[in-house]
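The values are calculated or read from the model by the stated rules, or taken from the named source; none is laboratory data. All figures in this text were calculated on a predicted structure; none of them were measured in a lab. Cβ coordinates were reconstructed from backbone atoms using ideal geometry, including for glycine residues, and neighbour counts include every protein chain displayed.
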Amino acid sequence: MAAIAEPVAIEEAPRSQGVWGAAWTRLKGDRVGMVSLAVVVAFLVLILLSALGVVAGNWQAERGVPYAHPSFLGERDNVEAQAIELAGPKGPPVDISDIDPLAPKYEEWKRRAQEIQVTSPPRAETLPFGGDRWGRDVLAKAVKGAQMSIFVGVFAAVVATFIGTLLGAIGGYVAGRVGDFLEWLYNVFTSVPDILLIFAFAAVFGRGISTVVLILGLVGWTGMYRQVRAEYIKHSSREYVRAAQAIGASHLSRMFVHILPNISHVVLVRMSLLVVGFIKAEVILSFLGLGVPIELVSWGTMLAEAQTELVIGKWWQLAAATLFMAVFLTAFSMLTDALRDALDPKLR
């Protein structure tokens, strides 16, 4: 009898990593990108703990004397705090209700402050990063401000990126009358100065954190739309899209499964610019009274307060807000550059 041939084992071909798997492998090889990722993740953990009240939960507490010096400067004479303490409620009462609508509330606030001062422990002469006009810890304000500013910047950028990418994909892939309508809409938004659009949306939607995010998202999508539209026009006629069409891929699959990953590096770079720009815009809006409400704190409100403090040489609130902002924005920008290189199909 003829010998029965043993079955030959067929080795399974290794599976491709895919776009995102390959991108993660390339990112892990980028030392600067991984350090930037660690810094960004640390900030995200910090703002999560701040939102839960674990850190900087009591940032409004008056822990130190007015304009308390930073601890690393050592013990120094605080002339401003002594002047505020000596001034007290001296002098005859002056009726300023005609020019200041909050004047009737001042006596009540002063009485409450005196009650708190009696029951509270003695205030510290120095704080880790100094104190503000009311003796609140600047470091705690910077941490709480990071929660507000990063939330506004990132979520507004997400809104603008979603709107711009969706409309850009439709305008560049579909074209025709739909594309013409989107071009008209783009021209309408870009023909009006951004500051006027912000004022118009603020008048309609009112104030609040969600309103600021919505306003910035509705104003900032145009640049993303223009760039994504150009990329879709360029990629729609390429061989890999035609191959996807030949195997029966739907229009939505070609738009968002095949083309979008290949232009994701463009979207990420543009989004990083939006985050940086929106955090800066929050500073301007808060200064104009259209941003973060007065009872909250952000890097923008800290910088606005620091303007008057610099006149008397109190620089630490400006330094704290600037330092936190610079570290986060630098790390975020460098991380986005690393992701762009990892996702760029020309560099694979």
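Does THR336 satisfy being surrounded by fewer than 16 Cβ atoms within 10 Å (Cβ to Cβ), β-branched (Val, Ile, Thr), out of contact with any Cys (no Cβ under 7 Å at 6 or more places or on another chain) and part of a helix (DSSP H, G or I)?
Judged against the criteria, THR336 is not a match.
Considering only residues that are part of a loop (DSSP other than H, G, I, E, B) and polar (S, T, N, Q), which ones fall in region 235-254?
Of everything in region 235-254, those that are part of a loop (DSSP other than H, G, I, E, B) and polar (S, T, N, Q) turn out to be SER236, SER237, SER250.
Each residue in region 260-292 was checked for being in a loop (DSSP other than H, G, I, E, B) and buried (at least 21 other Cβ atoms within 10 Å of the Cβ), and 3 of them qualify. Restricting region 293-307 to residues that are without any contact (Cβ under 8 Å) to a residue 40 or more places away in the chain and in a loop (DSSP other than H, G, I, E, B), the residue that is farthest from ALA51 (Cα to Cα) is ILE294.
Suppose the filter is assigned to a helix (DSSP H, G or I) and touching an Asp or Glu at 6+ places or on another chain (Cβ under 6 Å); does VAL204 pass it? No, not satisfied.
For region 177-196, residues that are in contact with a Phe, Trp or Tyr (Cβ under 8 Å, 6 or more places away or on another chain) and either charged (D, E, K, R) or not assigned by TED's automatic domain parsing to the domain that holds VAL228 (or both) total 0.
Condition check ((1) assigned by TED's automatic domain parsing to the domain that holds ARG207; (2) closer than 19 Å to GLY223 by Cα; (3) among the β-branched types (Val, Ile, Thr); (4) in contact (Cβ under 8 Å) with a residue 60 or more places away in the chain) across all residues:
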| position | (1), (2), (3), (4) |
| --- | --- |
| ALA243 | yes, no, no, no |
| VAL267 | yes, yes, yes, yes |
| LEU273 | yes, yes, no, no |
| LYS280 | yes, yes, no, no |
| SER286 | yes, no, no, no |
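Of all residues in region 321-335, those that are assigned by TED's automatic domain parsing to the domain that holds ILE150 have Cβ atoms under 6 Å from Cβ atoms of residues that are in a helix (DSSP H, G or I) and of a type in the set (Phe, Trp, Tyr), 6 or more apart or on another chain, in ALA321/TRP299; MET325/TRP299; PHE328/PHE43. When region 217-241 is filtered for residues that are without any contact (Cβ under 8 Å) to a residue 60 or more places away in the chain and β-branched (Val, Ile, Thr), the ones remaining, listed by number, are VAL219, THR222, VAL241.
Would you please name the residue that is modelled with the highest pLDDT, looking only at residues in region 299-309 that are buried (at least 22 other Cβ atoms within 10 Å of the Cβ) and closer than 16 Å to TRP134 by Cβ?
MET302
Checking each residue of region 196-204 against the condition of being farther than 24 Å from THR301 by Cα and without any contact (Cβ under 8 Å) to a residue 12 or more places away in the chain gives no match.
Within region 336-348, residues that are assigned by TED's automatic domain parsing to the domain that holds MET271 and modelled with pLDDT of 80 or more reach partners that are outside any helix (DSSP H, G or I) and crowded, with 16+ Cβ neighbours inside 10 Å with beta carbons closer than 6 Å, at six or more positions or on different chains, in the pairs ALA338/ASP30. In this structure, does VAL257 turn out to be without any contact (Cβ under 8 Å) to a residue 24 or more places away in the chain, of a type outside the set (Phe, Trp, Tyr) and either farther than 28 Å from THR336 by Cβ or in a helix (DSSP H, G or I) (or both)? Judged against the criteria, VAL257 is a match. Would you point out the residue of region 207-219, among those that are assigned to a helix (DSSP H, G or I) and more than 15 Å from the chain's Cα centre (by Cα), that is nearest to LEU166 (Cα to Cα)? Among residues in region 207-219 that are assigned to a helix (DSSP H, G or I) and more than 15 Å from the chain's Cα centre (by Cα), the one nearest to LEU166 (Cα to Cα) is LEU218. Each residue in region 156-204 was checked for being under 21 Å from PHE278 (Cβ atoms), charged (D, E, K, R) and out of contact with any helix residue (DSSP H, G or I) (no Cβ under 8 Å at 6 or more places or on another chain), and 0 pass.
The number of residues in region 310-333 being of a type outside the set (Gly, Ala, Ser) and crowded, with 19+ Cβ neighbours inside 10 Å comes to 7. For SER253, the criteria (1) more than 24 Å from ALA331 (Cα to Cα); (2) buried (at least 16 other Cβ atoms within 10 Å of the Cβ) hold in every case but one, which is (2).
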